[in-house]
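Engineer: Got a structure for you, written out below as structure tokens; questions coming shortly.
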Amino acid sequence: WERPDRIPLRQRLLVVANRLPVSAVRRGEESWSLEISAGGLVSALLGVKEFEARWIGWAGVNVPDEAGQRALTKALAEKRCIPVFLDEDIVHQYYNGYCNNILWPLFHYLGLPQEDRLATTRSFQSQFAAYKKANQMFADVVNQHYEEGDVVWCHDYHLMFLPKCLKEYNSKMKVGWFLHTPFPSSEIHRTLPSRSELLRAVLAADLVGFHTYDYARHFVSACTRILGLEGTPEGVEDQGRLTRVAAFPIGIDSDRFIRALEVPQVQEHIRELKERFAGRKVDTVLLASILVNFSCSIDKLPKVNQTHAKRCAVVRPRVHMAWWYRVMLGVDRLDMIKGIPQKILAFEKFLEENSSWRDKVVLLQIAVPTRTDVPEYQKLTSQVHEIVGRINGRFGTLTAVPIHHLDRSLDFHALCALYAVTDVALVTSLRDGMNLVSYEFVACQDSKKGVLILSEFAGAAQSLGAGAILVNPWNITEVAASIGQALNMSAEEREKRHWHNFVHVTTHTAQEWAETFVSELNDTVVEAQLRIRQ
Ligand code: ADQ
């Protein structure tokens, strides 16, 4: 991939997102520690190196005092981050309320919350007012730091009002807006009481981007059907002004993952994980029974295993048998859209129907808790724990359990090691804008050529569909069957599918995504100026 000529070298890019890529923890009155936070947007934009980027966003903490705000601003400046300070009430109504309780479920086809179905309810109106107020506060900070020629890139459903606020400050500002979630069918969007105001606010941007062509099409339909505007192949037109609408599928910094596999710390993690999960102590009697179970003899094993197996049987009666265990992996934020209960139930069905696999496959489910103060998320956590407990009780033995579930974030190196030892990755999102976990897994499958089982409702299904096994996550029987298909897949087919996805992941990277978006934004603005001059 070559850098397009039209991007000026080191153009200043103001990335505006609800959260900064770091979380701040107060250590003293004027002392802060900063930690990188997990999440798809952070992972993608960390890979972007071509611009002189500044981040503008909320640091995730309430800082009521001026001394604290000054100290945090200073600490963040070293990381090229600029904070927007939001008070507790705004955060509650804008972030927990309008963003997470209304837009997030709606955009993922989970509908509006019952009590907010009527546009006239006070809570809906006050949450929407807080949403607009918060977006205005972001615009104020952007405006303070904006310099002529900068590109302002607004991110996600939290900031749908921001393009309008920015253009009111300065109509010449280059403003792009990108949505990381799906944009739902216009029939879903039209249920939102503030549907028109939000669409019009987004249309103030010069360029509007989505992960897939389908989401872009839904957005254009919403503008034509709800606002009565004209949709064109380029976007949406309103009184002679065109807002470009297009698909920009995100990617990852694949090199970062591939390079990580060479890091000694990652290799050490891989060794430990293989020993813990891919290894199993067996004696010669058990070895013989396994061979009978598999109806094969040592000679029929792959060459590398043959030697090891002979050594096990003859030289050392008790050793690690690294190839008897298969590792399946799920890595998700603990969110209802990720379909974690559905995934675990499908695994249970698979074990139920395939008794010969019961002590030979383990599912590692790593779930980072998010929005832990929201009752629905607390309920989801308990539900997942309950299902995992039941299945482990049902299929576990005194020495092993089929599911290892962790409620926490893993550091980058540990995550890469996990991806590398995985035989089958399970992504069962009920809806997902893209899903970067599937990309990260593919990037780390250096030697294994593992299989990706991927929900057809994740944006990634459109890019990795030919290499993955696509499933409807609501159909537990189908997902269970696909687990069997993945575990039994021949090495040739695994390799073929893996390469298809690997080529995609390593050529459609986060850098390419960001550069394409910004260069398209630059072009769009130039074309609009030419149109006005004509
Ligand atoms: P997310 O919903 O956060 O992103 P996803 O795209 O899968 O979903 O990205 C999650 C990121 O968080 C990955 O980089 C992953 O490595 C990291 N992560 C997840 N669990 C982790 C754990 N336990 N420990 C450490 N890291 C973990 C949103 C949208 C997606 C869209 C992205 C990018 O919901 O659909 O793909 O933005 O646009």
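Engineer: Quick one: net charge of Leu487's neighbours, Cβ under 11 Å, K/R +1, D/E -1?
Structural biologist: Residues near Leu487 contribute +2 overall.
Engineer: Among Gln511, His385, Pro64, whose Cα projects farthest towards the positive end of the dipole of the chain, with charges put on the beta-carbon of Lys, Arg (+1) and Asp, Glu (-1)?
Structural biologist: Highest projection toward the positive end goes to His385.
Engineer: Can you compute the label reach from Glu478? Point 7 Å from Cα along the Cβ direction, backbone N cut-off under 19 Å, restricted to the range 489-510.
Structural biologist: Once the point is set 7 Å along Cα→Cβ of Glu478, nothing inside the range 489-510 turns out to lie under 19 Å by backbone N.
Engineer: Against the longest principal axis of the chain, how steep is helix 491-507, in degrees 0 to 90 to the nearest 10, with axes from Cα atoms?
Structural biologist: The angle comes out near 20 degrees.
Engineer: For a quick check: with amide H placed at 1.01 Å from N, whose amide H comes under 5 Å from Lys174's, ignoring anything fewer than 5 positions away on the same chain?
Structural biologist: Close amide H contacts, sequence-distant or interchain: Val152.
Engineer: In the chain, if the dipole is taken from +1 on Lys/Arg beta carbons and -1 on Asp/Glu beta carbons about the Cα centre, which of Ala367, Ala491, Ile90 is farthest to the positive end?
Structural biologist: Of the options given, the answer is Ala491.
Engineer: List, in the order given, every pair from Lys164/Lys379; Lys133/Lys343; Lys360/Lys449; Lys174/Lys338; Lys379/Lys448; Lys343/Lys448 whose Cα-Cα distance in the structure shown is over 27 Å.
Structural biologist: Lys164/Lys379; Lys133/Lys343; Lys174/Lys338; Lys379/Lys448
Engineer: Taking neighbour Cβ counts within 10 Å as the exposure measure, how do Cys223, Cys99 sort from fewest upward?
Structural biologist: Arranged by neighbour count, lowest to highest, Cys223, Cys99 become Cys99, Cys223.
Engineer: Also, I was wondering about something else. Excluding residues on the same chain fewer than 8 positions from Lys349, give the aspartates and glutamates whose Cα lies under 18 Å from its Cα.
Structural biologist: Partners within reach: Asp359, Glu386, Glu478.
Engineer: What's the FRET efficiency of Thr73 with Val25 using the Cβ-Cβ distance as r and R₀ = 22 Å, to the nearest 0.05?
Structural biologist: Efficiency, from the Cβ-Cβ distance: 0.90.
Engineer: In addition: Give me the percent of DSSP beta bridges within the chain that run antiparallel, rounded to the nearest 5.
Structural biologist: Working: 14 of 62 bridges.
Around 25 percent of the beta bridges assigned by DSSP in the chain are antiparallel ones.
Engineer: Using modelled amide H (1.01 Å from N, peptide plane; none on Pro or chain starts), what sits under 5 Å from the amide H of Val471, excluding residues fewer than 5 places away?
Structural biologist: Residues meeting the amide H criterion: Leu454, Ser455, Glu456.
Engineer: Give me the net charge for the shell around Phe412: Cβ to Cβ below 12 angstrom, other residues only, Lys and Arg +1, Asp and Glu -1.
Structural biologist: -1
Engineer: Taking the Cβ of Gly149 as the centre, find all other residues whose Cβ is under 9 Å away and add up their charges (Lys, Arg: +1; Asp, Glu: -1). Present the calculation step by step, with values, prior to reporting the outcome.
Structural biologist: Numbers: positive: Arg12, Lys174; negative: Glu147, Glu148, Asp150.
Overall, the nearby charge balance is -1.
Engineer: Show the residues, 5+ positions off or on another chain, whose built amide H is closer than 5 Å to the amide H of Leu364.
Structural biologist: Here the answer is Met328, Leu329, Gly330, His404, since their amide H atoms fall under 5 Å of that of Leu364.
Engineer: Starting with the fewest neighbours, write out Leu426, Leu227, Leu364 ranked by other beta-carbon atoms found within 10 Å of each beta-carbon.
Structural biologist: Leu227, Leu364, Leu426
Engineer: So for the chain, averaging the separation of alpha carbon pairs under 8 Å that are six or more residues apart and normalising by length, what relative contact order in percent results?
Structural biologist: Rounded, it is 14 percent for the chain.
Engineer: Note down the relative contact order for the range 371-451 as a percent, whole number, built from C-alpha pairs under 8 angstrom at least six residues apart.
Structural biologist: 24
Engineer: Moving on to the next point. Mind jotting down the distance between the C-alpha centroids of the range 166-231 and the range 475-510, whole Å?
Structural biologist: 34
Engineer: Please rank Met137, Met328, fewest neighbouring Cβ atoms within 10 Å first, as an exposure proxy.
Structural biologist: Working: Met137 18, Met328 25.
With the fewest neighbours first, Met137, Met328 line up as Met137, Met328.
Engineer: Looking at Pro233, Thr428, Gln114, which one has the Cα that reaches farthest to the positive end of the dipole of the chain (charges on Cβ: Lys, Arg +1; Asp, Glu -1)?
Structural biologist: Of Pro233, Thr428, Gln114, it is Thr428.
Engineer: Only Lys, Arg, Asp and Glu count, each charged at its Cβ (+1, +1, -1, -1), so figure out the dipole size of the chain about its Cα centre, rounded to 20 debye.
Structural biologist: Charge dipole of the chain: 1220 debye, to the nearest 20.
Engineer: Oh, and also: What angle do you read, to the nearest 10 degrees and between 0 and 90, between the alpha-carbon axis of helix 66-77 and the longest principal axis of the chain?
Structural biologist: 60
Engineer: Just to be sure I understand the model, the point goes 7 Å from the Cα along the line to the Cβ. What's the resulting Ile258 to Glu492 distance in nm?
Structural biologist: The answer from the label model is 2.6 nm.
Engineer: As I understand it, the value is the acute angle between the Cα axis of helix 284-293 and the longest principal axis of the Cα atoms of the chain; what does it come to in degrees, rounded to 10?
Structural biologist: Around 70 degrees separate the two axes.
Engineer: Order the peptides 261-270, 487-496 from the highest to the lowest mean number of other Cβ atoms within 10 Å of their residues. Numbers along the way, then the final one.
Structural biologist: Working: 261-270: 15.4, 487-496: 12.8.
Per-residue Cβ counts within 10 Å, averaged per peptide and sorted highest first, yield 261-270, 487-496.
Every number here is computed from the coordinates shown, using simple stated rules; none is lab data. Here the structure is a predicted model, which means the values were calculated and not measured. All Cβ positions, glycine included, derive from the backbone under ideal geometry; neighbour counts span all protein chains shown.
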